[in-house]
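Accompanying notes for the structure given below.
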Amino acid sequence: MMTTTLFPTSGSQKPGDFVHVSVLPAETISLLLTDPHGIYVDCTIGGAGHAGLLLEQMAPEGRLIGIDQDAAAIACAERRLGHDARVTLVQSNFSDITELLCQMNIDKVNGFLFDLGVSSPQLDEGARGFSYNHDALLDMRMNQGEGMSAADILNSADVKELAAIFAQYGEERWASRIAQFVVQRRQHQPIATTEELVDIVKAAIPAAARRSGPHPAKRVFQALRIAVNRELEVLETALDQALTCLAAQGRLAVITFHSLEEKILAGKIRTWLGRCACPPGLPECRCGHVPRIEVVTRKPVLPSAAEIERNPRSRSAKLRVIARKGEDL
């Protein structure tokens, strides 16, 4: 069942400490906004960076719906966007798009934005448990009021399940060995903190393999975050719902940050393009595949060198945009 909390913007508070630098801001808005009078949904509103830019270019009768499952992000967006009657903020998972829009009596939307990066405040705030650089309880839930925490998974999943999580979601070479070390450690006491997990990962990965590359725990932390929040499963559902709710000529913009998200998005685009699957030589198409979209960005849009210098976390960002086929409404 969907759990949502709607926040009418009031502008009664000053900006807080939730500071997140949106990636590819100008490029995203220029490709997404085709009708200033339309309805747009920012499915990962975060610090409202993209949303704020959208509002600057939208007409007075336009409408912006911002979704985020993180209560802190919603509170920040409410402060940043101020008193604007065009804005509705919803604390919810973006896999509930169809039901949410139905509740608002919205049939079609002119644009959807998915920025799939984890917000800097979520990574940097030690208490959330996302970061291997801060000792904290292993939580990692975007919505801290729902679901299993990272500690719950580490202390309950068997060795095969843990190895699969680390391998599939983190593309971790030492997944099986790390899983074995986790199970061995929790036999003595439950694993509760990020520091404990980092120590386990460092002990499991041979010293020679830890001398180069990123932090040895980076991939395990990514894998757990994805598993805790069901990110890939939710993304598959949400993308299909967004396309269904997209108006003719409306656009869907997705910013990805790692290969797993890329793979899901690429698969959806191939399906939506509906290319003919008939054997060669048939006089006419019989498979019935019909293209539902047009690709706006033939190649992903990447951050400039200047943006990467300003915001190193933008380095892996890739923006892709598609448009729903059909006549204008």
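Rg and Dmax of region 247-314 over Cα atoms: what are they, in angstrom?
17.0, 55
Give, in nm to one decimal, the length gained when the segment between ILE269 and ARG292 is fully stretched (0.36 nm per residue of separation minus the Cα-Cα distance).
Full extension from ILE269 to ARG292 adds 7.3 nm.
Stokes-Einstein at 37 °C, 0.692 mPa s, Kirkwood radius from Cα pairs: D for the chain in µm² s⁻¹?
155
What length, rounded to one decimal in nm, is gained on full extension from GLU284 through to GLU99, with 0.36 nm per residue of separation minus their alpha-carbon distance?
Result: 62.7 nm gained on full extension.
Pick out which of GLY281, GLY250, GLY66 has the largest mean-square fluctuation in a Gaussian network model of the chain, springs linking Cα atoms closer than 10 Å.
GLY281
List the lysines whose Cα lies under 18 Å from the Cα of LYS318, skipping any in the same chain that are fewer than 8 positions away.
Candidates past the 8-residue exclusion: LYS263, LYS268, LYS299.
How big is the charge dipole of the chain about its Cα centre, in debye rounded to the nearest 20, if each Lys and Arg gets +1 on its Cβ and each Asp and Glu gets -1 on its Cβ?
Using only the charged Cβ atoms, the result is roughly 1100 debye.
Lys/Arg Cβ at +1, Asp/Glu Cβ at -1, dipole of the chain taken about the Cα centre: which of ALA192, VAL41, VAL159 is farthest positive-ward?
Sorting the options by dipole projection puts first VAL159.
About its Cα centre, what dipole magnitude does region 89-190 give when the only charges are +1 on Lys and Arg Cβ and -1 on Asp and Glu Cβ, stated in debye to the nearest 20?
Roughly 400 debye for region 89-190.
How large a share of the accessible area of the chain, in percent, is made up of carbon and sulfur atoms when the probe is 1.4 Å and the other protein chains stay in place?
On the chain, the fraction of accessible area on carbon and sulfur atoms equals 50 percent.
Calculate for the chain the 222 nm mean residue ellipticity that helices alone would give, adding -39,500 (n - 2.57) per DSSP H run of length 4 or more and normalising by residue count, nearest 500 deg cm²/dmol.
-12000 deg cm²/dmol
What whole-number value in Å² describes the accessible area per residue of the chain for a 1.4 Å probe?
Accessible surface, normalised per residue, equals 49 Å².
Along the charge dipole of the chain, Cβ charges K/R +1 and D/E -1, which of SER176, THR98, HIS134 sits furthest on the positive end?
Of the listed residues, the answer is SER176.
Quick one: which residues, 5 or more positions from PHE112 or on another chain, have an amide H under 5 Å from its amide H? H modelled 1.01 Å from N in the peptide plane, none for Pro or chain starts.
Distant-sequence amide H within range of PHE112: VAL41, ARG251, LEU252, ALA253.
Give me a comma-separated list of calculated 3J(HN,Hα) values for region 280-287, in order, Karplus coefficients 6.51, -1.76, 1.60 applied at θ = phi - 60°, integers in Hz, x for any Gly or Pro.
Listing the rounded values in order: x, x, 5, x, 8, 5, 10, 7 Hz.
Looking at the chain only, what percent of DSSP beta bridges run antiparallel? Nearest 5 please.
Around 45 percent antiparallel, to the nearest 5.
Counting only C-alpha contacts under 8 Å and six or more residues apart, can you give the relative contact order of the chain as a whole percent?
The value is 18 percent.
The values are calculated or read from the model by the stated rules, or taken from the named source; none is laboratory data. As the structure is a computational prediction, the values presented were derived from the model and not from experiment. With ideal geometry, Cβ positions are generated from the backbone for all residues, glycine too; neighbour counts draw on all protein chains shown. Side chains included, ligands, DNA and RNA excluded: accessible areas come from the protein's heavy atoms. Shrake-Rupley method; radii C 1.70, N 1.55, O 1.52, S 1.80 Å.
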